[in-house]
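Got a structure here, written out as structure tokens. Questions coming.
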Amino acid sequence: MKLQEEQIIDQHIRLAKSGFAALKKVTGFSCCGCGLCVSICPLKSIAFDDVKKQPALSGKCNQCGLCYLGCPRSFLPLSKIDAQYFGTGAGEEQQRLGKFIDFFVSRSLTPGIYQEGTPGGTTTAIVHFMLENGAVDAALLTRGKHPEVRYCMHPLPYIATAPDEVLASAHSKFELSPVLSLLEELSGYERSLFVGTPCHIIAFRKLQLIGSDTFLRDKMPELAQIAEKLTARITFAISINCFLNHTSMDKAYAWLGIDEKDLLRFNENVSKDLYEKAFAAGKDWRWFFRNNYVSKDGTERDYDVNQLGVLVLPSGCLLCNNLIVSTQADASIGFYGAETGVKEVGWNTITIMNNDLKKIVDEMVAAGKLARKPVLRGFGRTLRICLEKLIPALDVMRVKEYLKTGSWAYPKPLKLAKGPRKTYILGLELLFLGQTIRKKFFYDGPLKALKKSGVFLPTVY
Ligand SMILES: Cc1cc2nc3c(=O)[nH]c(=O)nc-3n(C[C@H](O)[C@H](O)[C@H](O)COP(=O)(O)OP(=O)(O)OC[C@H]3O[C@@H](n4cnc5c(N)ncnc54)[C@H](O)[C@@H]3O)c2cc1C
Ligand code: SF4
Ligand code: SF4
Ligand code: SF4
């Protein structure tokens with residue numbers, strides 16, 4: 001292993017000698033838009049291009065190669081990260097969700113937070129509580145760029161230092177957010193946290209590892225120093241779950257012919273009164289899962305999620321080996337698997353991997369800030385297992401075509417998979433099924449095709 005690791009690292013150190021040109025290999029296909037390279041560059045010569053959702057050289061490059069070596073999509077010592085920070089848990093639940101010490105369904109009990117959250121506001125509630133109680137003094141979050149728009153989905157990373165500033169981050173922005181571009185600013189605070197998607201978490205863990213692992217430190221001493229400085233004071237890395245992301249919501253809105261200002265709902269982002277109305281009209285939890293939008297004038301329209309993918313799928317998401325839930329975060333918060341009944345939405349699942357965070361969350365439950373109930377287990381298990389056996393590893397987006405044309409192909413195999421229409425599979429079984437679809441169609445299949453294509457791919461070991 002040591003020898004193999006040495007060969008891998010030496011090979012990447014050689015590649016890194018071309019400086020930013022080496023990072024350009026990553027941005028060709030693999031970049032996940034995490035923003036970390038912006039924080040790493042010692043000359044501050046990397047800016048994040050918010051249109052392309054990629055880093056761009058904005059100043060002088062001395063070819064130190066640190067941006068490339070620190071990037072999670074050059075090489076990723078995944079097995080070391082898992083061994084150092086978490087280890088593999090026992091049983092199906094821990095193997096799929098990480099080595100959690102607690103796992104339950106939750107939602108905020110603070111009306112203002114619950115109302116704004118997607119769906120239960122657990123993330124906002126936890127960050128708010130931690131700033132209020134001095135557990136941290138800064139939190140790196142993502143808000144909308146347009147505060148006057150209720151569901152602004154144009155992401156803007158920012159640092160909150162007071163509880164009230166956290167509210168601006170509530171609800172999901174369905175576009176890549178370069179959260180880690182503010183890591184250096186965050187490292188100036190004594191105790192801090194950040195919230196990101198699983199790719200932000202894994203990028204951060206790689207950097208933490210470079211700062212602490214003797215072998216990697218010796219190989220990359222300059223990067224190790226930067227890594228230590230950037231990560232030392234960050235106490236918690238919290239993930240929101242993520243299936244896939246988008247490059248541009250503007251493109252999506254243009255295609256749909258809608259204005260963000262007029263939206264009352266876009267997918268999961270939906271006000272609580274709206275789904276109370278939907279339930280009163282006889283709809284159930286499946287409505288929450290629909291790919292649709294609702295405008296202020298009452299228009300409710302389904303749209304073709306496959307077509308949306310064709311327009312705005314970031315290529316780097318297909319190299320994301322996280323299966324919806326982050327197994328390397330201190331906590332990972334989502335909504336798949338949260339519903340325990342069919343006339344019920346507005347809850348999160350939360351897996352907690354960190355003892356200190358668990359204590360804080362327990363305190364919140366005791367203080368009446370967070371509702372907690374068990375995850376629904378075993379509902380539709382046999383059917384889920386049978387379906388999983390039938391799902392092949394397919395390159396549904398046809399990456400080879402993309403490499404030739406720069407456009408995604410319409411994923412026909414997904415035509416039938418329009419989300420849950422019957423409630424035979426619910427709770428944890430639904431989350432597991434989602435993970436399998438994610439893995440087979442959006443990781444295993446594309447990766448197999450990409451390996452044959454000669455495109456630059458991260459080395460994961
Ligand atoms: C692109 C995307 C895809 C997702 N796919 C799934 C899925 O398939 N299954 C699932 O269970 N959950 C998914 N989620 C997570 C889900 O939408 C909620 O974010 C999660 O359940 C937390 O809900 P909450 O009510 O606790 O969050 P809230 O209290 O509403 O807080 C939202 C938090 O998310 C952060 N945030 C918002 N947008 C972004 C972004 N683009 N990048 C980084 N951080 C962001 C904010 O900083 C804030 O801390 C996805 C989220 C995104 C952004
Ligand atoms: S980190 Fe080094 S190689 Fe990368 S852009 Fe900055 S100066 Fe150039
Ligand atoms: S994956 Fe992150 S660190 Fe790597 S090039 Fe993209 S934005 Fe930069
Ligand atoms: S799918 Fe993976 S790479 Fe894409 S935004 Fe989500 S966590 Fe990041």
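The values are calculated or read from the model by the stated rules, or taken from the named source; none is laboratory data. This is a predicted model, so every value here is computed, not measured. Every residue, glycine among them, receives a Cβ derived from its backbone with ideal geometry; neighbour counts consider all protein chains shown. Remember, those area values only see protein heavy atoms, side chains included, never the ligands or the DNA or RNA. Shrake-Rupley method; radii C 1.70, N 1.55, O 1.52, S 1.80 Å.
Tell me, what does the Kirkwood hydrodynamic radius of the stretch 2-76 come to in angstroms if you use every pair of distinct C-alpha atoms?
Working: mean 1/r = 0.0806 Å⁻¹.
Radius from the Kirkwood sum: 12.4 Å.
Please work out the average accessible area per residue across the chain, using the 1.4 Å probe convention, and give it in Å².
Accessible surface, normalised per residue, equals 41 Å².
Might you report the magnitude of the Cβ-based charge dipole of the chain about its Cα centre, with Lys and Arg at +1 and Asp and Glu at -1, to the nearest 20 debye? Provide the component values of the computation, followed by the final result.
Values: 59 positive and 46 negative charges, 332 e Å.
Here the size comes out at about 1600 debye.
How large a share of the accessible area of the chain, in percent, is made up of carbon and sulfur atoms when the probe is 1.4 Å and the other protein chains stay in place? All intermediate terms of the calculation are to be shown ahead of the outcome.
Numbers: 10160 of 18920 Å².
Within the chain, the accessible surface is 54 percent carbon and sulfur.
Ranked from the most accessible area to the least, with a 1.4 Å probe and all protein chains present, what is the order of H128, H200?
Working: H128 30, H200 10 Å².
Output order, biggest surface exposure first: H128, H200.
Check V460: other-chain or 5+ apart residues with amide H under 5 Å from its amide H, H built from backbone geometry?
So V460 has HN proximity to L76.
Starting from one equal scatterer on each C-alpha and no solvent at all, send me the Debye-based log10 I(q)/I(0) for the stretch 231-325 at q = 0.11, 0.24 Å⁻¹, two decimals.
Evaluating at q = 0.11, 0.24 Å⁻¹ gives log10 I(q)/I(0) of -0.44, -1.29.
Once phi is turned into θ = phi - 60°, what whole-Hz ³J(HN,Hα) does the Karplus curve with 6.51, -1.76 and 1.60 give for every residue of the stretch 21-37, x standing for Gly and Pro?
Per residue, the Karplus-derived 3J(HN,Hα) values read 4, 5, 5, 4, 4, 5, 5, x, 8, 8, 4, 9, x, 6, x, 4, 4 Hz.
Let me ask something else. Compute the Rg/Rh shape ratio of the stretch 264-369: radius of gyration over Kirkwood radius, all on alpha-carbon atoms.
Working: Rg = 17.2 Å, Rh = 16.6 Å.
Looking at the stretch 264-369, the ratio lands at 1.04.
Quick one: if you stick a label point 7 Å off each Cα along the C-beta vector at T405 and I391, how many nm between them?
If labels sit at T405 and I391, their model points lie 2.6 nm apart.
Oh, and also: What number, in percent, do you get for the relative contact order of the stretch 2-76 if the mean sequence gap of Cα pairs under 8 Å and at least 6 apart is divided by its residue count? All intermediate terms of the calculation are to be shown ahead of the outcome.
On the way: 97 pairs, mean separation 29.3, N = 75.
Normalised by residue count, the contact order of the stretch 2-76 is 39 percent.
Still on this structure, please answer the following. Net charge within 13 Å of G121 by Cβ-Cβ distance, Lys/Arg positive one each and Asp/Glu negative one each, not counting G121 itself? Please report the intermediate quantities before stating the final value.
Values: positive: R107, K272, K369; negative: E116, E268.
Spelling it out: positives minus negatives among the neighbours equals +1.
For the stretch 332-337, just list the computed ³J(HN,Hα) in residue order, Karplus coefficients 6.51, -1.76 and 1.60, θ = phi - 60°, integers in Hz, with x standing in for Gly and Pro.
10, 10, x, 10, 4, x
Also, quick follow-up: Mind putting together the pair-distance distribution for the stretch 58-185? All Cα pairs, 5 Å bins, whole percent per bin, short to long.
2, 9, 13, 15, 16, 17, 15, 9, 4, 1, 0
Using θ = phi - 60° and the Karplus form 6.51 cos²θ - 1.76 cosθ + 1.60, what ³J(HN,Hα) does each residue of the stretch 74-83 get, whole Hz, x for Gly and Pro?
8, 9, 9, x, 4, 5, 5, 4, 4, 5
Show me the trypsin sites (Lys or Arg not before Pro) within the stretch 6-78 that DSSP assigns to loop and that have at most 15 other Cβ atoms within 10 Å of their Cβ. It would help to have the intermediate numbers written out before the result.
On the way: sites: R14, K17, K24, K25, K44, K52, K53, K60, R73; in loops: K17, K44, K52, K53, K60, R73.
In loop regions of the stretch 6-78 (DSSP not H, G, I, E or B), the sparsely surrounded trypsin sites (Lys or Arg not before Pro) are K17, K44, K52, K60.
What translational D, rounded to a whole number of µm²/s, comes out for the stretch 378-454 from Stokes-Einstein when the hydrodynamic radius is the Kirkwood one over Cα pairs, at 20 °C and 1.002 mPa s?
So the translational diffusion coefficient is about 158 µm²/s.
Near the amide H of Q63, under 5 Å away, which other amide H atoms are found, from residues 5 or more places off or on another chain, if H is placed in the peptide plane?
For Q63, the qualifying residues are F20.
A further question follows. Amide H neighbours of L264 under 5 Å, counting only residues 5+ apart in sequence or on other chains, H built in-plane at 1.01 Å?
Sorted by chain and number, the residues that satisfy this are V294, S295, K296.
If you take the Cα atoms of the chain, find Rg, then find the Kirkwood Rh from the mean of 1/r over all pairs, what is Rg/Rh? Display every interim value, and only then the final one.
Working: Rg = 21.3 Å, Rh = 22.6 Å.
Taking Rh as the inverse mean 1/r over Cα pairs, Rg/Rh reads 0.94.
As I understand it, the value is the acute angle between the Cα axis of helix 122-132 and the longest principal axis of the Cα atoms of the chain; what does it come to in degrees, rounded to 10?
70
Now a separate question. Could you give the angle, 0 to 90 degrees to the nearest 10, between helix 381-390's Cα long axis and the longest principal axis of the Cα atoms of the chain?
Between the helix axis and the principal axis of the chain, the angle is about 50 degrees.
Can I ask one more? Just to confirm a number: summing +1 for Lys and Arg and -1 for Asp and Glu over residues other than G33 whose beta-carbon lies under 14 angstrom from that of G33, what do you get? Each step should come with its number before you reach the end.
On the way: positive: K52, K53, R73, K173; negative: D49, D50, E175.
Local charge sum for G33: +1.
List the trypsin sites (Lys or Arg not before Pro) within the stretch 253-310 that DSSP assigns to loop and that have no more than 13 neighbouring Cβ atoms inside 10 Å.
Numbers: sites: K261, R265, K272, K277, K283, R286, R290, K296, R301; in loops: K283, R290, K296.
Here the sparse-neighbourhood loop sites are K296.
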